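These notes concern the structure reproduced below.
Please treat every number below as a calculation from the coordinates, not as lab data. Bear in mind that the values here come from a model prediction, so they are computed numbers and not experimental data. All Cβ positions, glycine included, derive from the backbone under ideal geometry; neighbour counts span all protein chains shown.
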C-alpha cells in the first residue's frame with residue numbers, strides 16, 4: 001500500500017494508462033512500475049486471476065467447497081455442516097424432530113410382486129399372494145388349469161374349450177344348446193332350405209344336412225346345384241345335322257339351319273328352302289345341302305335386299321355409236337339409226353343408192369353419204385317436186 005503526493009500521482013497517471021485494469025502504478029526511485037492487484041498475477045501490464053481453489057492458496061475447511069471469483073474466492077460448508085467455510089462443524093439433524101425420519105407400511109401389492117393371475121393381500125409389514133380360481137401355484141407364479149383335460153364337463157355333442165382361468169362348452173356344428181346339459185340337433189333345412197340353392201333339395205341329418213341335386217345338375221361347394229352342360233361334358237350327344245343346345249337340367253338337339261325333322265323320331269334332312277320362294281321375284285333360287293342361294297336373273301342386280309333392273313343403256317358403249325339403246329325391265333334393245341344397218345351392237349352405213357335404180361328421179365345422180373343420200377340433178381335440170389326438170393324462164397329471169 002503506497003501513498004503518493006498529488007504531483008507524484010499525476011506523474012504516475014501519465015504512464016498509468018499502460019497498466020492492466022487490475023494493476024496499480026507504483027513510483028520506484030525515479031521510475032514508475034505496474035503491480036497486479038491482490039488475487040491477480042502477471043507483469044502489471046497483463047494480469048490474470050489467481051484460482052485460489054486450484055492452487056490451494058485458500059483457507060477453506062476440508063468440509064467446505066471452494067468457489068473461485070475474480071481476484072478472490074469464497075468458502076461454503078458442505079451439506080450437513082455449518083460454519084463460515086474456514087471452520088465447518090457437523091450438524092446433528094437427529095436433534096430436531098428426529099431428523100424428519102418416519103416409516104410407513106410398504107404396499108407390496110402396488111409393486112406387482114404377485115402373479116398377474118393371483119390376488120395380492122397387503123398387511124402391515126408384509127403381504128400374501130393367492131392364485132385365482134382356474135389357476136394353480138404359489139401366488140408368485142400361477143399357471144392355468146386345463147379343465148378340459150380333467151373329468152368330462154361338457155355334453156357329448158359339445159366341444160370343451162380351455163380358456164385362461166376357465167373353460168366353456170360349445171355345441172358342435174349342427175347342434176344347439178348350452179353345451180353342458182343340452183345339445184339338440186339343428187334342422188338346418190328349416191331355415192332358407194339349409195342354404196341349398198338352384199333346385200337343390202335339403203336333407204336333414206343328425207348334426208348335419210345334405211343338398212341333393214336333380215338330374216342334369218351337379219353339386220358345387222356342397223350347397224349349389226349347377227347345371228351340367230351336356231353339350232360339353234358328353235361326347236357328341238346329338239346326331240348328324242343337329243346342333244347341341246344346353247338347357248337348364250338337360251339338353252336339346254335341334255336341326256341345324258337348312259335342315260328339318262319330318263317326324264319326332266327321324267333324323268334331320270335337308271330342307272328345300274326354294275319351295276317357299278324365299279328369293280326375290282327377279283331372282284333364281286338354288287337349293288344346296290343345308291342352305292340355299294338366291295341369284296339375280298339376267299338383267300338384274302342385287303342391292304342388298306332385292307333384285308333391281310340393270311339400266312344397260314346408262315353404260316357407255318353398250319350399243320353401237322350409230323344405234324339407239326332402249327332399256328326394258330330385265331333387258332335392253334339396240335337399234336341402228338335410220339340410214340344404218342346391223343344388230344345395234346354393230347351398225348354400218350346403208351348405201352341407199354345401191355338398193356334401187358329408181359331411188360332418184362330421172363336426169364339425176366344418187367350420191368350416198370353416212371346415214372343418208374342425196375339426188376343431184378344433171379344436165380342443167382333443177383329439182384322441182386322430187387323431180388329434175390329443165391329450167392323455166394318464168395322461174396329463172398336470167399334465162400332468155
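Computing Kirkwood radius over Cα pairs in Å for the structure here picks out one of (1) 31.2; (2) 41.9; (3) 24.3, namely (2).
Ordering 333, 117 from the fewest to the most neighbouring beta carbons within 10 Å gives 333, 117.
Ordering 280, 155 from the fewest to the most neighbouring beta carbons within 10 Å gives 280, 155. Could you state the angle between the C-alpha long axis of helix 6-16 and the longest principal axis of the C-alpha atoms of the chain, as a value from 0 to 90 degrees rounded to the nearest 10? Helix 6-16 sits roughly 40 degrees off the main axis of the chain. Computing FRET efficiency as 1/(1 + (r/R0)^6) for residue 74 and residue 106, where r is the C-beta to C-beta distance and R0 is 51 Å, gives about 0.75.
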